[in-house]
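Before we start, here is the structure in question, set down as structure tokens.
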Amino acid sequence: MSKVKIKELLQTPATGQEVNVKGWVRTKREGKNVAFIAINDGSTIHNIQAVADVQLLGEDALKLVTTGACLSVTGQLVASQGAGQSVEVMAQRIDVYGAADPEKYPLQPKKHSLEFLREIAHLRPRTNTFGAVFRIRHAMAFAVHQYFNDRGFFCLHTPIITGSDAEGAGEMFRVTTLDPLRPPRNEDGTVDYRRDFFGKETNLTVSGQLEGELGALALSQVYTFGPTFRAENSNTPRHLAEFWMIEPEMAFYDLQDNMDLAENFLKYLVQYALDHCLDDLTFLENRLIEEEKTRKKEEQSPMGLLEKLRFVVESQFERLTYTEAVAILIKSKANQKGQFHFPVGWGTDLQSEHERYLVEKHFKKPVILTNYPKAIKAFYMKQDEDGKTVRAMDVLFPGIGEIIGGSQREENYDKLSARVREMGIHEESLWWYLETRKYGTAPHSGFGLGFERLILFVTGLSNIRDVIPFPRTPQNAEF
Ligand code: 4AD
Ligand code: MG
């Protein structure tokens, strides 16, 4: 008999047919004559209940059935007597694949803090919360490909090992096979990377954008969806050293088109979650309501999770320039009362507190800021006529801050190479990138969506370490 996923079983009408389920025990309630075993196989947030006759199966066999044990249960699918489930399995046979010593198993059925669960990231997928998060994460990854495929974009795999620093921020992980104790050296004592594996200095990519642009200037519309790596030492709830990014790149798109695509894309993804992950979202919403009860009134969010998601799908994102935003921030009560930790003024980068003020307090909806000062943005952004700003755009979300960063790209060879030199970037290492502006250049634009920031928003969780299976952060690469 083939095993059936619990998700399917729960939708199957009970006609007394024999079924087999395999999964992990969440809880066991034991009466004198029967035991009720809640089993979960990860296919859904819901458990199936197996009812075990103690006499039939034997007390000793049932002793191994404890929280965390892995079982195969065969029996009849019947209508449930109890509330909470429509069907249950009357167990005729139970095989224990793996017991879980109740004295030692770390995931006993009680409330665990997310901090504690991070320390047992190898087991946390077995909790309701992480099961829900990882199913939603899957659905979002699938929806990303669906969205672009439906619109004629091509998925382009860009390299993970590169010799360039796309963002120019210098926060890269070096890739080398040289012996750290005895590297080959040049006459002046510096390391001779010509003798390294690739014959040059290489690092893990911080972004697939530059190669994405090469694709767009041939296939017109492409996207990459891959891991990116940043060695920035920011221990915040919104930064990972290894995160996934979705980067579409489009020929013949200006900044306006780019903003339209970004807004439409985000709404599509959130709507997809509402359409396909309602059980998991409902679970997370209730979890959040419980959590909020422990918080101060002013820290509680005015909307439930589902309401917040629907709100984003329905609202029109506010669009304004960086310059306009800075004026709002300077005039804001928060600024006048000295509530910002970082100063605001034209020319400085906005901090997450400023972004969140604009989104959560001022506009009360997602915001797209454009035309940032060129000094605080990457070399590849198209320069505005005023000589001061570039055609950048950042999409800011409630509770998150920046979720997307993007821009129209500088397509003019002279302007781009001048900017590269001005910023002290090694021009030779970008020869291939610059050549696309020499031969058949075209106006084009693109952006990057931080996948984990999207998952943070959709799940309502507050720490980015909880929306990726195995987070990499400073001082932490366990599992
Ligand atoms: O704004 P960023 O640095 O933009 C780029 O990398 C461009 N090359 C994208 C493009 O135009 N193709 O990063 C894009 C997004 C951010 O808005 C944020 O959501 C996410 O990536 N991000 C991070 N997410 C988690 N941890 C980090 N350390 C992140 N840094 C950026
Ligand atoms: Mg950015």
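Only residues that are closer than 14 Å to residue 354 by Cβ and either among the hydroxyl-bearing types (Ser, Thr, Tyr) or within 7 Å of ligand 1 (Cβ to nearest atom) (or both): list them for region 395-409, please.
Hit for region 395-409 is 402, nothing else.
Quickly run through region 61-113 and pick out the residues that are among the hydrophobic types (A, V, I, L, M, F, W, C), within 32 Å of the chain's Cα centre (by Cα) and not in a strand (DSSP E or B).
69, 100, 107
How about region 442-451: which of its residues are within 8 Å of the chain's Cα centre (by Cα) and either more than 9 Å from ligand 1 (Cβ to nearest atom) or of a type in the set (A, V, I, L, M, F, W, C) (or both)? Working first, answer last.
Kept after step one, since they are within 8 Å of the chain's Cα centre (by Cα), are these residues of region 442-451: 450-451.
Within region 442-451, just 451 meets the criteria.
For residue 218, which of the numbered conditions (1) at pLDDT 95 or above; (2) within 12 Å of ligand 1 (Cβ to nearest atom); (3) surrounded by fewer than 19 Cβ atoms within 10 Å (Cβ to Cβ) fails to hold?
(2)
Per-residue answers, yes or no, for (1) in contact with a Pro (Cβ under 7 Å, 6 or more places away or on another chain); (2) of a type in the set (Val, Ile, Thr); (3) surrounded by fewer than 14 Cβ atoms within 10 Å (Cβ to Cβ):
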{"site": "283", "(1), (2), (3)": "no, no, no"}
{"site": "287", "(1), (2), (3)": "no, no, no"}
{"site": "290", "(1), (2), (3)": "no, no, yes"}
{"site": "295", "(1), (2), (3)": "no, no, yes"}
{"site": "298", "(1), (2), (3)": "no, no, yes"}
{"site": "313", "(1), (2), (3)": "no, yes, no"}
{"site": "320", "(1), (2), (3)": "no, no, no"}
{"site": "323", "(1), (2), (3)": "no, yes, no"}
{"site": "328", "(1), (2), (3)": "no, yes, no"}
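Can you tell me which residues in region 394-421 are under 16 Å from residue 384 (Cβ atoms) and in contact with a Phe, Trp or Tyr (Cβ under 8 Å, 6 or more places away or on another chain)?
Correct list: 394, 406, 407, 408, 409, 410, 416, 419.
Are any residues in region 402-422 buried (at least 23 other Cβ atoms within 10 Å of the Cβ) and of a type in the set (Gly, Ala, Ser), and if so, which ones?
406, 407
With a cut-off of at least 3 residues that are in contact with a strand residue (DSSP E or B) (Cβ under 9 Å, 6 or more places away or on another chain), name the helices (runs of 4 or more DSSP H) lying wholly within region 285-401.
Filter on region 285-401 gives 322-331, 352-356.
Which members of region 32-60 meet the condition of being among the charged types (D, E, K, R) and either part of a loop (DSSP other than H, G, I, E, B) or modelled with pLDDT of 95 or more (or both)? Before you say what the answer is, go through the steps one by one.
Of all residues in region 32-60, those among the charged types (D, E, K, R) come to 32, 41, 53, 59-60.
Answer for region 32-60, where residues must be among the charged types (D, E, K, R) and either part of a loop (DSSP other than H, G, I, E, B) or modelled with pLDDT of 95 or more (or both): 32, 41, 53.
Would you confirm, using the coordinates I've provided, whether residue 454 is more than 13 Å from ligand 1 (Cβ to nearest atom) and not in a loop (DSSP other than H, G, I, E, B)?
For residue 454, the condition - more than 13 Å from ligand 1 (Cβ to nearest atom) and not in a loop (DSSP other than H, G, I, E, B) - is not met.
Also: Hey, residue 336 hits all of (1) surrounded by fewer than 16 Cβ atoms within 10 Å (Cβ to Cβ); (2) within 30 Å of residue 264 (Cβ to Cβ) but one; which does it fall short on?
(2)
Working carefully through the options 127, 74, find the one that is under 14 Å from residue 39 (Cα atoms) and free of Cβ contacts under 8 Å to residues at least 24 places away in the same chain.
Matching residue, one of 127, 74: 127.
Please report, ordered by residue number, the strands (runs of 3 or more DSSP E) entirely within region 149-255 with at least 2 residues that are within 16 Å of ligand 2 (Cβ to nearest atom).
In region 149-255, the matching strands (runs of 3 or more DSSP E) lie at 221-229, 242-251.
Okay, moving on. Would you be able to tell me the number of residues in region 402-420 that are within 16 Å of ligand 2 (Cβ to nearest atom) and either over 20 Å from residue 250 (Cα atoms) or over 31 Å from the mean Cα position of the chain (by Cα) (or both)? Before the answer, list the steps.
First, the residues of region 402-420 that are within 16 Å of ligand 2 (Cβ to nearest atom): 402-409.
Narrowing further to those that are either over 20 Å from residue 250 (Cα atoms) or over 31 Å from the mean Cα position of the chain (by Cα) (or both): 402.
Qualifying residue count for the region: 1.
Can you tell me which residues in region 198-215 are over 27 Å from residue 476 (Cα atoms) and either surrounded by fewer than 19 Cβ atoms within 10 Å (Cβ to Cβ) or aromatic (Phe, Trp, Tyr) (or both)?
198, 199, 200, 214 - these are the residues of region 198-215 that are over 27 Å from residue 476 (Cα atoms) and either surrounded by fewer than 19 Cβ atoms within 10 Å (Cβ to Cβ) or aromatic (Phe, Trp, Tyr) (or both).
The values are calculated or read from the model by the stated rules, or taken from the named source; none is laboratory data. What you are looking at is a predicted structure, and each value in this text was computed from that prediction instead of being measured. All Cβ positions, glycine included, derive from the backbone under ideal geometry; neighbour counts span all protein chains shown.
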